[in-house]
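What follows is calculated from the coordinates using simple rules that are stated; it is not laboratory data. If you're wondering where the values come from, they're calculated on a predicted model, not measured in any experiment. All Cβ positions, even for glycine, are placed from backbone atoms using ideal geometry, and neighbour counts span all protein chains on display.
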Number of protein chains: 4
Amino acid sequence: MLTGMQIAVIGGDARQLEIIRKLTELDARLSLIGFEQLDHAFTGAVKEKMDEVDFSNMDAMILPVAGTNLEGQVETIFSDEKVFLTEEILSKTPEHCTIFSGISNAYLNGITKQTKKNLVQLFARDDVAIYNSIPTVEGTIMMAIQHTDFTIHGSNVAILGLGRCGMSLARAFHTLGAKVKVGARKTEHLARITEMGVTPFYLNDLQKEVGDTDILINTIPYLIVNAEVISKMPVQTLIIDIASKPGGTDFRYAEKRGIKALLAPSLPGIVAPKTAGQILADVLSQLLHELYAKRKEKE
Amino acid sequence: MLTGMQIAVIGGDARQLEIIRKLTELDARLSLIGFEQLDHAFTGAVKEKMDEVDFSNMDAMILPVAGTNLEGQVETIFSDEKVFLTEEILSKTPEHCTIFSGISNAYLNGITKQTKKNLVQLFARDDVAIYNSIPTVEGTIMMAIQHTDFTIHGSNVAILGLGRCGMSLARAFHTLGAKVKVGARKTEHLARITEMGVTPFYLNDLQKEVGDTDILINTIPYLIVNAEVISKMPVQTLIIDIASKPGGTDFRYAEKRGIKALLAPSLPGIVAPKTAGQILADVLSQLLHELYAKRKEKE
Amino acid sequence: MLTGMQIAVIGGDARQLEIIRKLTELDARLSLIGFEQLDHAFTGAVKEKMDEVDFSNMDAMILPVAGTNLEGQVETIFSDEKVFLTEEILSKTPEHCTIFSGISNAYLNGITKQTKKNLVQLFARDDVAIYNSIPTVEGTIMMAIQHTDFTIHGSNVAILGLGRCGMSLARAFHTLGAKVKVGARKTEHLARITEMGVTPFYLNDLQKEVGDTDILINTIPYLIVNAEVISKMPVQTLIIDIASKPGGTDFRYAEKRGIKALLAPSLPGIVAPKTAGQILADVLSQLLHELYAKRKEKE
Amino acid sequence: MLTGMQIAVIGGDARQLEIIRKLTELDARLSLIGFEQLDHAFTGAVKEKMDEVDFSNMDAMILPVAGTNLEGQVETIFSDEKVFLTEEILSKTPEHCTIFSGISNAYLNGITKQTKKNLVQLFARDDVAIYNSIPTVEGTIMMAIQHTDFTIHGSNVAILGLGRCGMSLARAFHTLGAKVKVGARKTEHLARITEMGVTPFYLNDLQKEVGDTDILINTIPYLIVNAEVISKMPVQTLIIDIASKPGGTDFRYAEKRGIKALLAPSLPGIVAPKTAGQILADVLSQLLHELYAKRKEKE
């Protein structure tokens, strides 16, 4: 339980509702900022405006996945008002107040550094990335079904990278009956790919390997699916790039060759906002429990 | 090879193109009726109008999946002209000429009976139904992803029936990480469900089993998901009914209770027309080979 | 519950103990014949000798899997005394008394026919065969590991038949990473094999298909792995034949060619007697419930 | 190709034969020491005695998996003569000569350090450990089948650790139909376990988690399955410990409680020596190629 812990939830989309639900269940006291239009009421959570909040005893602040924009504005789906997070606001919080967001940027890094606040980027955590690989995989499956005129079952699928998403993708497409091969560089990755029952290949051989590919899924965040690679693919290949923006594909060249290449948006919040919210809520509540235990220890 | 076999392909959608491709590869001679707007040319296939065709040496006629409508009209995606199949036309064909369609109706049954033609309904074959279960499963997965805000992974999925589609659905949703249970009546089906690693239940207990269902998929073609069953489901449940029209769900009552219930259209032709066409082309070419062998034998 | 039902359990091995456990839990009254050396006592079950038993109100008799031998003797692992089932004994039971065994033979068929008793052969039931396929698969896996110097993972495994055992074998060896192909004759079986993600082949092509086989598993109960087929196999191939005696392999020729060929014994009772007993106990208790309901109805 | 490379293969068991086969195929020149009784001849490989060998141009030496014993003796299955590897022998080899073994010990570390030779322990490599997890898993499955009277399918299996073997074990037992839970400490491991479709638990809760375990498989190389944990298990539980000697189980206490606990030997060389040899041969040939390329570069 997080009884008595004071937490501000600032802005965000449907995913934040799962966080609010979980934290109120754990008996935390919540200030909801940027939720005026939210119909649902949660016991223990009060809707407030930024300038009405007492930050002096705030134990934690929870921002949306995107954090702030470069001007400090926080996205608020459930409010028409503009909400900004500033250095001034942070400086009102107690020393131990921890700031949580999905990712960060120069602005957010700047104000937290300036005010000596601990900033936790949830999306940089391996566990969050692996849990998020589950909705990402399902979104990728959906895209593969929507954008081809053949079944995944029986098709040649090449996956680039055996990281946190790559392994989940390999398992799912394999079990759906695709002929999967996975490209990697590390020898232990090539071994794991083999053990998983799919075909490994060395990424240096990528150009040689794409000649019969029906669907290519890239998870590697640098330009690996370049013009040379694309020029070796059949023209009917579908490229789905799920690496962080701007992806690892030469989209301009793919278009020129008439190959359909899609840069997948961040899929978890789109295909399964409830699950995506629960993932964040679960990890957050665990981290808050640790903070809570530390604080109790000090007292 | 089907060298010298004379076949009329009458109307249809993208799936027929795979059939045309395959049969021309096998060296059959094709009359394409209702394909004026088709750009692609196939060696050995001639576009013709119904009244120009010489039916006197036609070995087989291939209709679209739907056969004809009740007035005898054949659907033609690649033509603006109306194409009709009549008793008169059939009577011009030789005795051994076989008629292929996906399904049939009173009209088509009537004219083939009257003219003593052998009518083969491909969709009534077990092998076609099982091959088609593959794109059907992928379409169902797509619908499940699109119409829920949670992942298939970790969700409670109930599947009704362990027939030709039910078994494929059970396997796929299980491997995607859902907690699957499958309802059946036959004791050997309950045994097979157990062996597959998913949870069996007896369909008589359906009402008791749906209390925690996130997604219910019905494959049984009579009213099994009735008002009593629906009244026991959580209101967030998604019902996907893939049984032939009109499905096995009381859609009216589901709507009244606010439960989303979808009658899936025939999915193979929609989500994977190329694969769906190849399935038909493969089975057709096998059946035509048998006809061909018989005819050669007689000669 | 089977309260008040009177059942004789006659002879058998460890599997019968699971049956006794289950039936006493369901409150049946049991006469245990041929269990003198059994240490464990079950409430509601009395050890008796054949000539002491009052058969006049016996509702059912449960024989071991093997039934009797051709002289009427019943195998008794837990007794040194010889136990015989005779026409005379059966004639003492009431008309409705049902006899259960795994399999039957001329003797058992004869005495039950003569006394007009209903004989239920559990092993002839599809559900029992499918449940039993689970321990059979595990026994086959064990044999494959023991009798080769390579891993199942990555090896070429050919399975003959997609029946009750064949389907279970195909799934298990596929998921363990073998390259599995399954031979069948029915077109719907070839379709199902494809859907399962393994490679189908037509049994008529068996000779052509075994050229690279590492492990061949036969489930077909007639001479299909004949000398011609064996002559096409690599000499290192391991043949495991799980079809009922005498199997479907020309063992003499295999030995001549130096190919190791094993006729698997009935595996469930050997590799997992407890599970095998539970399978029989579950099906038996269901069948006894039906008998019980019928009898109550009549009263 | 390794044309012209000079390599000594010293002692070992059937696994070395796969290495010899592979390296001669790659056109290396081999001195086989401790292989007098080997019938088979390999082109490019010469059987020699230790004191006849010219070590002055030796590019690499390949020892058995075990390396040497503490007196420097090398195990030789194919020879009755005692073979020793000494500092003196190593000092005769050129500076670049690389020594390969599976594992090492104080003696082998000592003489290689003294003579400034590069010693590569293949079993310390992640890729070798992951490839070896495949035969290890199959050996564990075999032990689980042999030492229980129930099927893996449907049983409760707890696996400790999600390392190189743990992940392979989890996948295999899950796909065989067991109800698998995996204990780990790292949050990213708990996430991956969830994604794999099996149940995660935190190792700190181990005592609470073993109350219904049928089979417990340990991969963690320190005393984790201690008396307190064992005292919470059902007495029928089977413990299979595959961690390196002396394992992570209190075997003395398990015996006292009447719980069967097995310390698995190194399984790959036992259940699948050919595969185990091929794994080593593949990795070795890759490493030798890299050495070869380096040497060519220098020339």
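Selection of the stretch D:31-57 for residues being crowded, with 23+ Cβ neighbours inside 10 Å and touching a Ser or Thr at 6+ places or on another chain (Cβ under 7 Å) yields D:Gly34, D:Phe35.
When D:Ala60 is tested against the conditions (1) buried (at least 16 other Cβ atoms within 10 Å of the Cβ); (2) away from every other protein chain (no Cβ under 14 Å); (3) without any contact (Cβ under 8 Å) to a residue 60 or more places away in the chain; (4) more than 16 Å from the chain's Cα centre (by Cα), the lone failure is (3). Within the stretch D:1-16, the set of residues being part of a strand (DSSP E or B) and either aliphatic (A, V, I, L, M) or within 26 Å of D:Lys296 (Cα to Cα) (or both) comprises D:Gln6, D:Ile7, D:Ala8, D:Val9, D:Ile10.
Note on the stretch A:203-228: residues that are touching a residue at least 60 places away in the same chain (Cβ under 8 Å) and either exposed (fewer than 13 other Cβ atoms within 10 Å of the Cβ) or closer than 22 Å to A:Ile152 by Cβ (or both) amount to 6. Filtered by the rule that a residue be at the interface with another protein chain (Cβ under 9 Å from one of its Cβ atoms) and of a type in the set (A, V, I, L, M), the stretch C:121-138 gives C:Val128, C:Ala129, C:Ile130, C:Ile134, C:Val137. Residues that are facing chain D (nearest Cβ under 9 Å) and either assigned to a loop (DSSP other than H, G, I, E, B) or in contact (Cβ under 8 Å) with a residue 40 or more places away in the chain (or both) within the stretch C:145-159 comprise C:Thr148, C:Asp149, C:Phe150, C:Thr151, C:Ile152, C:His153, C:Gly154, C:Ser155, listed in sequence order. When the stretch C:54-73 is filtered for residues that are hydrophobic (A, V, I, L, M, F, W, C) and touching a Lys or Arg at 6+ places or on another chain (Cβ under 9 Å), the ones remaining, listed by number, are C:Phe55, C:Met58, C:Met61, C:Val65.
Is one or more of the residues making up the stretch C:38-52 under 25 Å from the mean Cα position of the chain (by Cα) and in contact (Cβ under 8 Å) with a residue 12 or more places away in the chain? Yes; the residues of the stretch C:38-52 include at least one that is under 25 Å from the mean Cα position of the chain (by Cα) and in contact (Cβ under 8 Å) with a residue 12 or more places away in the chain. With respect to (1) free of Cβ contacts under 8 Å to residues at least 40 places away in the same chain; (2) assigned to a helix (DSSP H, G or I), the lone exception for C:Val128 is condition (1). The condition of being under 25 Å from C:Arg171 (Cβ atoms) and within 14 Å of chain D (Cβ to nearest Cβ) holds for only one of C:Asp214, C:Asp205, that being C:Asp214.
Give the residues of the stretch A:255-283 that are in contact with a strand residue (DSSP E or B) (Cβ under 7 Å, 6 or more places away or on another chain) and crowded, with 22+ Cβ neighbours inside 10 Å, sorted by residue number. Scanning the stretch A:255-283 gives a single hit, A:Ala261. You will find that of B:Lys92, B:Lys116, the residue that is away from chain C (no Cβ under 14 Å) and on the phi > 0 side of the Ramachandran plot is B:Lys116 and no other. The set of residues in the stretch A:1-24 being over 24 Å from the mean Cα position of the chain (by Cα) and more than 23 Å from A:Gly72 (Cβ to Cβ) consists of A:Met1, A:Leu2, A:Thr3, A:Gly4, A:Met5. Quick check on A:Thr76: is it in contact with a Pro (Cβ under 9 Å, 6 or more places away or on another chain) and of a type in the set (Ser, Thr, Tyr)? Yes.
Reported count of residues in the stretch A:8-33, each being within 19 Å of A:Thr68 (Cα to Cα) and within 14 Å of another protein chain (Cβ to nearest Cβ), is 5. Considering only residues of the stretch B:85-108 that are closer than 30 Å to B:Leu162 by Cβ and without any contact (Cβ under 8 Å) to a residue 40 or more places away in the chain, which is surrounded by the fewest Cβ atoms within 10 Å (Cβ to Cβ)? Ranking the candidates gives B:Asn105 first. Take the conditions (1) within 30 Å of C:Leu23 (Cβ to Cβ); (2) in contact (Cβ under 8 Å) with a residue 60 or more places away in the chain; C:Pro265 misses just one of them, which is (2). Of C:Ala170, C:Ala178, C:Ala227, all but one fail to be aliphatic (A, V, I, L, M), closer than 19 Å to D:Leu176 by Cα and away from every other protein chain (no Cβ under 11 Å); the exception is C:Ala170. Report whether or not A:Lys260 is more than 25 Å from A:Arg171 (Cα to Cα) and not aliphatic (A, V, I, L, M). Considered against the rule, which asks whether it is more than 25 Å from A:Arg171 (Cα to Cα) and not aliphatic (A, V, I, L, M), A:Lys260 comes out as no. Might you let me know whether the stretch A:246-256 holds any residue that is within 14 Å of chain B (Cβ to nearest Cβ) and either small (Gly, Ala, Ser) or over 22 Å from the mean Cα position of the chain (by Cα) (or both)? Within the stretch A:246-256, none of the residues are within 14 Å of chain B (Cβ to nearest Cβ) and either small (Gly, Ala, Ser) or over 22 Å from the mean Cα position of the chain (by Cα) (or both). Do you know which residues across the stretch C:193-202 are farther than 22 Å from B:Thr194 by Cβ and either more than 11 Å from chain B (Cβ to nearest Cβ) or surrounded by fewer than 20 Cβ atoms within 10 Å (Cβ to Cβ) (or both)? Answer for the stretch C:193-202, where residues must be farther than 22 Å from B:Thr194 by Cβ and either more than 11 Å from chain B (Cβ to nearest Cβ) or surrounded by fewer than 20 Cβ atoms within 10 Å (Cβ to Cβ) (or both): C:Thr199, C:Pro200, C:Phe201, C:Tyr202. Evaluated against (1) touching a strand residue (DSSP E or B) at 6+ places or on another chain (Cβ under 6 Å); (2) over 26 Å from D:Thr175 (Cβ atoms); (3) away from every other protein chain (no Cβ under 14 Å), B:Leu238 falls short on exactly one condition, (3).
Quick grid of which residues meet (1) out of contact with any Cys (no Cβ under 6 Å at 6 or more places or on another chain); (2) under 23 Å from A:Ala293 (Cβ atoms); (3) hydrophobic (A, V, I, L, M, F, W, C):
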residue	(1), (2), (3)
A:Leu17	yes, no, yes
A:Leu23	yes, yes, yes
A:Arg29	yes, yes, no
A:Glu48	yes, no, no
A:Pro64	yes, no, no
A:Thr68	yes, no, no
A:Thr93	yes, yes, no
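Among the residues of the stretch C:268-299, those that are in contact (Cβ under 8 Å) with a residue 12 or more places away in the chain and more than 14 Å from every other protein chain (Cβ to nearest Cβ) comprise C:Leu288, C:Leu291, C:Tyr292, C:Arg295. Considering only residues of the stretch D:182-192 that are more than 10 Å from every other protein chain (Cβ to nearest Cβ) and surrounded by 21 or more Cβ atoms within 10 Å (Cβ to Cβ), which is nearest to B:Met196 (Cα to Cα)? So, considering only residues that are more than 10 Å from every other protein chain (Cβ to nearest Cβ) and surrounded by 21 or more Cβ atoms within 10 Å (Cβ to Cβ), the one nearest to B:Met196 (Cα to Cα) is D:Val182.
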